[in-house]
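Rule-based calculations on the coordinates, nothing more; no lab input. On a predicted model such as this, the values are computed, not experimentally measured, just so you know. Don't worry about glycine lacking a Cβ; one is built from the backbone with ideal geometry, like all the others, and counts go over all protein chains shown.
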Amino acid sequence: MNAHIKQIEVYKSPIKLKEPFVISLGPLEYAENVVVVIRCNSGLTGFGECSPFMTINGESMDTCFVVAQYLAKVLIGKNPLDVAACSALMDSIIYGNSSIKSAFDIALYDIASQHAELPLYEFLGGKNNKTLITDYTVSLGPKDKMVVDAIKIVDRGFQFMKVKLGGKKEDDIERIQLIRDAIGNEMPLRIDANQGWNTDDAIEILNRIENCKIQHCEEPIPRWNFMELAKVRMNSPIPIMADESCCDHNDAKRLVDLEACHLFNIKLGKSSGFFKALKIIDIAEQSNMKIQVGGFLESRLGFTAAAHLSLLSENIIHFDFDTPLMFIEDPVIGGISYENNGHVKMPDAIGLGVSMDESFLQKLSKVIIN
């Protein structure tokens, strides 16, 4: 019997955060995610999840829920093991919508690796041979609160810290200097402006905080202004990481050609999933560029997929997996677990190695396509 998709379930999955997560693009009080479950005639079931971000990928939980139904209708009856064909089919149906496409992609790769009886990272040629240690993020806000939050992160034993910036120039400089003074010089700091600065301010800020020992700066200027990112990179003493300006492999190649950045930040929700993320990794390896793997506000389901991705290349050296720790509830079964000091443990299972609690799913708004 040929493998084919017989049913797809799509769930709206909002989960409240312990406190608002604030970046330069605005505050978030809920992780408004979408879970996709793909069931095959063979009995295999794949799980995927996305966390749409309206200000970054132009999608919301509601738009994903609608677009998912277009995608599901054309995938019914298709071979889930032919991920390349399924990916091309989704792109032929609708342009963009990388977030919801990533949920389908993750579920398809879950099925394909289960069928091969291998963990997903091994199915994709990776090895579980590196230590995954997540950073923890300080939200953008009043300076005093950011300092208090930074001290709490140190006290919790995390080894890396990311600080959200992207406000006014002098305020951002003071924010990072106050945090560095408060926590000392031992912990590496990473900063993320989320496109919040203009070119000249970015260059000035990065030079004035050089003494704060910053590992890298994510997306300092608006992504539409990527032609100026090379100017920032050339004039910055701090390595520049492309995030919002690096969604898929086409973006990655453009940034390499422009010599616009030192590093890439890959998120499955930007790349439409593994299929195109693998192409970004290839470009980074050919260019000898290092990579961070991160995410949006996915649960441990989505970040388990990110952890699998992290094991596919030695060029992947930074891990930004903290947001599930910000949820008030955890409906995920299996998957990654968070150990002491930010260590992330991979599941010992075939496929993705994760599913959602059935009683949690039954409480959610859903649609079933078959």
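Listing for the model above:
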| item | result |
| --- | --- |
| Share antiparallel - DSSP beta bridges, the range 122-355, percent rounded to 5 | 20 percent |
| Spatially proximal aspartates and glutamates relative to Lys363 (Cα-Cα < 16 Å; intrachain offsets below 8 disregarded) | Glu9, Glu32, Glu329, Asp330 |
| Average Cα contact separation per residue, the range 106-175, under 8 Å, 6 or more apart, as relative contact order % | 27 percent |
| 13 Å beta-carbon shell around Leu25, net charge (K/R +1, D/E -1) | -3 |
| Most mobile of Lys164, Lys143, Lys12 in a GNM of the chain (Cα contacts under 10 Å) | Lys143 |
| Highest-MSF residue in the chain out of Pro142, Pro324, Pro119 [GNM, Cα springs under 10 Å] | Pro142 |
| Cβ-based net charge around Ala306, under 9 Å, with every Lys or Arg adding one and every Asp or Glu removing one | -1 |
| Within the range 37-120, trypsin sites (Lys or Arg not before Pro) in DSSP loop having at most 16 other beta-carbon neighbours inside 10 Å | Lys78 |
| Loop-resident sites, the range 207-279, for GluC sites (Glu not before Pro), counting at most 12 other Cβ within 10 Å (DSSP) | Glu259 |
| Reachable aspartates and glutamates from Lys143, criterion Cα separation under 15 angstrom, eight or more residues apart if same chain | Glu170, Asp171, Asp172, Glu174, Asp181 |
| Helical contribution to [θ] at 222 nm, DSSP H n ≥ 4, -39,500 (n - 2.57), averaged over the chain, rounded to 500 | -11000 deg cm²/dmol |
| Alpha-carbon centroid distance for the pair the range 106-121 / the range 330-370, whole angstrom | 15 Å |
| Value of relative contact order over the range 122-355, rounded to a whole percent, pairs C-alpha under 8 Å and six or more apart | 18 percent |
| For Tyr136, residues with placed amide H under 5 Å, excluding near neighbours | Phe160, Met161, Lys162 |
| Environment charge at Ile205 (Cβ cut-off 12 Å; Lys +1, Arg +1, Asp -1, Glu -1) | -4 |
| Sequence of Ile369, Ile328, Ile8 once ranked by neighbouring C-beta atoms within 10 Å, starting from the fewest | Ile328, Ile369, Ile8 |
| Extended-chain gain in nm, criterion 0.36 nm per residue less alpha-carbon gap, Glu29 and Gln7 | 4.7 nm |
| Separation between Cα centres of the range 150-193 and the range 11-48, rounded to whole Å | 28 Å |
| Where only alpha carbons of the chain are counted, the Rg and the Dmax (Å) | 19.9, 65 |
| Average silhouette area of the range 115-207, convex hull of alpha-carbon atoms, in square nanometres | 8.8 nm² |
